[in-house]
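Step one of this worksheet: look at the structure below.
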Amino acid sequence: MIYGIGIDLGGTKILGVLTDENGKVLKSIKEETGNTNEGERIISNIISIIEKLKDSFEVKSVGIGCAGFIDYINGVVHESPNIKFLKNFPLGKTIYEKIKIPVFVDNDVKAGGVAEMYLGSGKNHKNFVYITLGTGIGGCIVYNGKILRGANNMAGEIGHITIDEFGPLCGCGKRGCVEALASGIFIKNYFIHGVKRGIKTSVMEEVKDISEIDVPLITKHARKKDFLSLEVLRISAKNVGLMLSIIINILNPEKIIIGGGLVKALDIVFEEMVETTRLHSLKIPFESVKIEKSSMGETGVAVGASIMGILRSKGVIP
């Protein structure tokens, strides 16, 4: 049996898993990322997680899924929005020099897409799009059973589709991106702005200061029909629906699989999101696509990274 380790390297957590070649999770470890300027400490923590997972297993590869712009061939992170020290950083080489096991680095959403392809809702489907909704919005396009990567491994940056040219500034530096109008950051900022404008909300009965407001709290009160909470989730859902219609009209996928931390929040308005998608999609591709939530859970990126590493060690690029 071949064993691999997968690492989900994020701005708030480092999640590692040990899997067999079929993606079965045998062990997992989760730690906080901490200050993302502290590169040496984070690298040391990743290595420690790998060593603990490896234990007595004969591990053939390590796969790392990391948010940002990744040179997956050379294992270099050009830029990561959530991890500040990763600027043209040779992450694969740095880890390899410490553990002497082949290390493969890729974008985290693409790693999640690999998990969907081999284990999740994308299994047995050759054409689907995997989307993550969270602090940011990202995508992985699977076409004819392979990840569509583009010239710079940046195909699938669907969070930066412009839906309002005069909209708010996005983290990418452009205005009106879907990410700036539907992500977790948007939901929190819109809600706080509403509170400052004097809109009454039951959320304020649970917090002492607006800095304590977060998406789970907004979601909780949306379920209780709080006006401002429901309003912001509906706006987010509408904008995600517009993005999905563009994807459907351009790519005509069999499936769209939605994962990420915002899925639970948008569950309340999921049908409204699908209806917006229908209104702005062409009839035939909309009627043939299935839009569903990911079943992979929190370990999806790490498991996908492990499978990706095992495949890459065999010379296969998913």
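The values are calculated or read from the model by the stated rules, or taken from the named source; none is laboratory data. Since we're looking at a predicted model, the values are computed, not measured. Virtual Cβ from ideal backbone geometry, glycine too; neighbours counted across all protein chains shown.
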Within the range 8-46, residues touching a Leu at 6+ places or on another chain (Cβ under 8 Å), of a type in the set (Ser, Thr, Tyr) and without any contact (Cβ under 8 Å) to a residue 24 or more places away in the chain come out as none
Kindly evaluate residue 305 against the criterion of being in a helix (DSSP H, G or I), modelled with pLDDT under 95, of a type outside the set (Ser, Thr, Tyr) and out of contact with any His (no Cβ under 7 Å at 6 or more places or on another chain).
no
Filter the range 101-124 down to the residues that are among the acidic types (Asp, Glu) and more than 12 Å from residue 153 (Cβ to Cβ), then identify the one that is surrounded by the fewest Cβ atoms within 10 Å (Cβ to Cβ).
116
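What number of residues within the range 170-181 are assigned to a loop (DSSP other than H, G, I, E, B) and buried (at least 17 other Cβ atoms within 10 Å of the Cβ)?
Residues in the range 170-181 being assigned to a loop (DSSP other than H, G, I, E, B) and buried (at least 17 other Cβ atoms within 10 Å of the Cβ): 2 in total.
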Select from the range 1-20 the residues that are more than 20 Å from residue 99 (Cα to Cα) and of a type outside the set (A, V, I, L, M) and write down the one among them that is surrounded by the fewest Cβ atoms within 10 Å (Cβ to Cβ).
12
Of the residues in the range 205-247, those that are among the hydroxyl-bearing types (Ser, Thr, Tyr), crowded, with 23+ Cβ neighbours inside 10 Å and farther than 20 Å from residue 257 by Cα number 1
Going by the conditions given, is residue 4 in contact with a strand residue (DSSP E or B) (Cβ under 7 Å, 6 or more places away or on another chain), among the small types (Gly, Ala, Ser) and not in a helix (DSSP H, G or I)?
yes
For the structure I just gave you, tell me whether residue 153 is touching a Gly at 6+ places or on another chain (Cβ under 6 Å) and either in contact (Cβ under 8 Å) with a residue 24 or more places away in the chain or over 25 Å from residue 273 (Cα atoms) (or both).
no
Single match in 171, 184, 136 (criterion: in contact with an Asp or Glu (Cβ under 8 Å, 6 or more places away or on another chain), in the same structural domain as residue 243 (by TED's automatic domain parsing), under 21 Å from residue 270 (Cβ atoms) and modelled with pLDDT under 95)
136
Scan the range 135-169 residue by residue and report those that are farther than 23 Å from residue 71 by Cα and assigned to a loop (DSSP other than H, G, I, E, B).
163, 164, 165, 166, 167, 168
Which is among the hydroxyl-bearing types (Ser, Thr, Tyr) and part of a helix (DSSP H, G or I), of 61, 56, 28, 44?
44
For residue 98, work out the one condition from (1) under 21 Å from residue 23 (Cβ atoms); (2) surrounded by fewer than 17 Cβ atoms within 10 Å (Cβ to Cβ); (3) among the charged types (D, E, K, R) it doesn't fulfil.
(1)
With (1) part of a helix (DSSP H, G or I); (2) over 27 Å from residue 195 (Cα atoms) as the list, and residue 253 as the residue in question, which single condition is left unmet?
(1)
Residues located in the range 190-208, provided they are under 29 Å from the mean Cα position of the chain (by Cα) and at pLDDT below 95:
207
Filter the range 64-88 down to the residues that are in a strand (DSSP E or B), touching a residue at least 24 places away in the same chain (Cβ under 8 Å) and not β-branched (Val, Ile, Thr) and list them by number.
65, 66, 69, 71
State which residue is surrounded by the most Cβ atoms within 10 Å (Cβ to Cβ) when the search covers only the range 142-167 and only residues that are among the aliphatic types (A, V, I, L, M) and in contact with a Lys or Arg (Cβ under 9 Å, 6 or more places away or on another chain).
142
Would you mind telling me which numbered condition in (1) more than 23 Å from residue 71 (Cβ to Cβ); (2) outside any helix (DSSP H, G or I); (3) of a type outside the set (D, E, K, R) residue 187 fails?
(2)
Test residue 26 against the criterion of being within 18 Å of residue 261 (Cα to Cα) and hydrophobic (A, V, I, L, M, F, W, C), and give yes or no.
no
Looking at the structure I just gave you, is residue 74 surrounded by fewer than 18 Cβ atoms within 10 Å (Cβ to Cβ), among the polar types (S, T, N, Q) and not assigned by TED's automatic domain parsing to the domain that holds residue 17?
no
